[in-house]
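Engineer: Attaching a single structure in structure tokens format; questions to follow.
The values are calculated or read from the model by the stated rules, or taken from the named source; none is laboratory data. Not measured: the values here are computed from a predicted model. Virtual Cβ from ideal backbone geometry, glycine too; neighbours counted across all protein chains shown.
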Amino acid sequence: MSEADEVSIRAEARAWLEANWNPDVDLVEWRKKLADTGWGVPTWPKEWYGRGLSAVQGAVVEAEFRRIGAVGVAKTGIRMLAAATLFDHGSQLHKRKFLHRILTGEDIWCQLFSEPGSGSDMAAASTRADLKDGKWIVNGQKLWTTSAQHAQYGLLLARTDWNVPKHRGLSYFIIDMKQPGITVQALAQMNHHASFNQVFFTDAVIEPEFLVGKLGEGWKVATTTLMHERRSAADGISSWGQESGRVGRAYDQERAEIATVMEPYKWYPQRAGRVDLVVERAQATGKNTDPVVRQEIAKLLTLHRTGQWISSRARAAQQMGRTPGPEGSLGKLVASHVARAAANVHTLISGADAMLTGEDSPLNGVIAEILVSTPATSIAGGTDEIQRNIIAERVLGMPKEPGLDADRPFKDVPRNIVS
């Protein structure tokens, strides 16, 4: 982008925001205006609520939003994963029906991939969708589903053909989460949060037009969703909305939205290991003079900085318009190593006190919460083992891991059935 182009885009965005932004506006009405004019997601195509700008040009517009303090379109939860998937694989109907309401925040989404009987092998999903009288009838169970209790719509991976190998028998759907055939139950975690849900489907109905992509190509569509998810996981939860001191109706409504949608993620900083607390804690406890602790802190900070560089590379690729690739797996795997190393360092610093919770515990129980939360980083969004396979096969070009069920009809594959 030339300097003249940057000046022109910045001036246009600034003039529009100064003429239209009002912190006392209704949040949904403001976001509708952003979507209708293309300023909310300027890098999207003009046909679909954008302005067709490059990622670099879009960053200039974002800077103007920050300068004036304007609220942007809704980006919390998995909304943007849904949008990215629909852009790549959705029909014109899907884009018309869902993209605008994703941007305005009127709809909350959830992701229905994991199951209790298939573990990390997502392709072994056994929730079934059968075509009956022109409609898809869904029966089965999903697990670890964030925000299922709030969601209007879900991204569902279900088995539509049991007579072909597992990867070829899956299809991808958009499902209405508010219908009678769906039951959502919260799951209690050992860190005292309940961020996830199990979801039961009993003759739930999907209209045929809400198949995403082609029948039997659900694995391909789900891979798109996962690539975007892993890129996000590598970056971490980077923004929790506007500063609390800002006054106005739009700010109040955004804070209320974040309090609901981001509630399941409030322990995610602890899940990542809270590297930001390490040096301060070492100084406060006097452990900064212990040579063993100092060495482990140095290792941790080095690893953490390496992870930041990998995330920066992924963001740079995104700004260049590249489709998310295996670099997301690299970043996610590094994040797992950082979380474990951080938990180890916090234990070295706090000693047995790291196990305490309550008022007398280190940082009111934050250190204890770190220790019981960090294992999740190695599981959520694809286990470390899955990430290593992806890196080995897609980055290093190594042979694929041999599988006994790759070419067998799924109906003939022994499965871990949960009754």
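Engineer: Criterion first (under 16 Å from ILE182 (Cα atoms), in a loop (DSSP other than H, G, I, E, B), modelled with pLDDT under 95 and in contact with a helix residue (DSSP H, G or I) (Cβ under 6 Å, 6 or more places away or on another chain)) does THR146 satisfy it?
Structural biologist: Here the answer is yes, as THR146 does meet what is asked.
Engineer: OK, next. Of the conditions (1) assigned by TED's automatic domain parsing to the domain that holds LEU215; (2) surrounded by fewer than 19 Cβ atoms within 10 Å (Cβ to Cβ), ILE102 fails just one. Which one is it?
Structural biologist: Failing condition for ILE102: (2).
Engineer: Please find, within the stretch 320-361, the residue that is nearest to the chain's Cα centre (by Cα) out of those that are closer than 19 Å to HIS193 by Cα and not hydrophobic (A, V, I, L, M, F, W, C).
Structural biologist: So the residue we want is THR357.
Engineer: While we're on this one: Within the stretch 32-49, track down each residue that is surrounded by fewer than 20 Cβ atoms within 10 Å (Cβ to Cβ) and out of contact with any helix residue (DSSP H, G or I) (no Cβ under 7 Å at 6 or more places or on another chain).
Structural biologist: ASP36, THR37, PRO45, LYS46, GLU47
Engineer: Another question, then. Can you name the residue in the stretch 373-417 that is part of a helix (DSSP H, G or I) and more than 21 Å from the chain's Cα centre (by Cα) and, of all such residues, is surrounded by the most Cβ atoms within 10 Å (Cβ to Cβ)?
Structural biologist: Only one residue tops the list, namely PHE410.
Engineer: Which of the residues that make up the stretch 162-200 are under 17 Å from SER373 (Cβ atoms) and assigned to a loop (DSSP other than H, G, I, E, B)?
Structural biologist: Once the filter is applied, which keeps residues that are under 17 Å from SER373 (Cβ atoms) and assigned to a loop (DSSP other than H, G, I, E, B), the stretch 162-200 yields ALA188, GLN189, MET190, ASN191, HIS192, HIS193, ALA194, SER195.
Engineer: Looking only at the stretch 21-31, how many residues end up being touching a Lys or Arg at 6+ places or on another chain (Cβ under 7 Å) and surrounded by fewer than 17 Cβ atoms within 10 Å (Cβ to Cβ)?
Structural biologist: 2
Engineer: If I filter the stretch 359-375 for residues that are at pLDDT below 90 and of a type outside the set (A, V, I, L, M, F, W, C), do I get at least one hit? Spell out how you get there, then give the answer.
Structural biologist: Step one: list which residues in the stretch 359-375 are at pLDDT below 90, which gives 359-360.
Retained after the next criterion (residues that are of a type outside the set (A, V, I, L, M, F, W, C)): 359-360.
Yes: one or more hits.
Engineer: Take the residues in the stretch 1-20 that are touching a helix residue (DSSP H, G or I) at 6+ places or on another chain (Cβ under 6 Å) and either in a helix (DSSP H, G or I) or modelled with pLDDT of 95 or more (or both); name whichever of them is surrounded by the most Cβ atoms within 10 Å (Cβ to Cβ). Spell out how you get there, then give the answer.
Structural biologist: Here is the first cut: in the stretch 1-20, the residues touching a helix residue (DSSP H, G or I) at 6+ places or on another chain (Cβ under 6 Å) are 1, 6, 9-10, 13-14, 17.
Cutting the leftovers down to either in a helix (DSSP H, G or I) or modelled with pLDDT of 95 or more (or both) gives us 6, 9-10, 13-14, 17.
Details: GLU6: 14, ILE9: 21, ARG10: 16, ALA13: 25, ARG14: 16, LEU17: 17.
That would be ALA13.
To keep it simple, each residue is scored yes or no on (1) under 16 Å from MET122 (Cα atoms); (2) among the basic types (Lys, Arg); (3) assigned by TED's automatic domain parsing to the domain that holds LYS166.
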residue: THR374; (1), (2), (3): no, no, no
residue: ILE379; (1), (2), (3): yes, no, no
residue: ILE386; (1), (2), (3): yes, no, no
residue: ILE391; (1), (2), (3): no, no, no
residue: LYS400; (1), (2), (3): no, yes, no
residue: PHE410; (1), (2), (3): yes, no, no
residue: VAL413; (1), (2), (3): yes, no, no
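Engineer: From ILE370, ILE386, grab the single residue that is within 30 Å of LYS266 (Cβ to Cβ), of a type in the set (Val, Ile, Thr) and touching a Ser or Thr at 6+ places or on another chain (Cβ under 7 Å).
Structural biologist: ILE386 is the lone residue from the list that is within 30 Å of LYS266 (Cβ to Cβ), of a type in the set (Val, Ile, Thr) and touching a Ser or Thr at 6+ places or on another chain (Cβ under 7 Å).
Engineer: So which residues in the stretch 91-116 are in contact with a strand residue (DSSP E or B) (Cβ under 8 Å, 6 or more places away or on another chain), farther than 14 Å from VAL261 by Cβ and of a type in the set (A, V, I, L, M)?
Structural biologist: LEU112
Engineer: Moving on. Report, by residue number, each residue of the stretch 273-315 that is under 17 Å from HIS346 (Cβ atoms) and of a type in the set (Lys, Arg).
Structural biologist: Across the stretch 273-315, the qualifying residues are ARG274, ARG281, LYS287, ARG294, LYS299.
Engineer: ALA314 - would you say it is farther than 30 Å from PHE196 by Cβ, in a helix (DSSP H, G or I) and among the small types (Gly, Ala, Ser)?
Structural biologist: In short, no.
Residues checked against (1) more than 18 Å from the chain's Cα centre (by Cα); (2) in a helix (DSSP H, G or I); (3) more than 30 Å from ARG408 (Cα to Cα):
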site: ASN22; (1), (2), (3): yes, no, yes
site: VAL25; (1), (2), (3): yes, no, yes
site: VAL28; (1), (2), (3): yes, yes, yes
site: ARG31; (1), (2), (3): yes, yes, yes
site: ARG66; (1), (2), (3): yes, yes, yes
site: THR76; (1), (2), (3): no, no, yes
site: ALA82; (1), (2), (3): no, yes, yes
site: GLU106; (1), (2), (3): yes, no, yes
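Engineer: Further question on the same structure: If you scan the stretch 217-274, which residues turn out to be charged (D, E, K, R), at pLDDT below 85 and either in contact with a helix residue (DSSP H, G or I) (Cβ under 9 Å, 6 or more places away or on another chain) or within 30 Å of VAL164 (Cβ to Cβ) (or both)?
Structural biologist: Selection gives GLU229, ARG230, ARG231, ASP235, GLU243.
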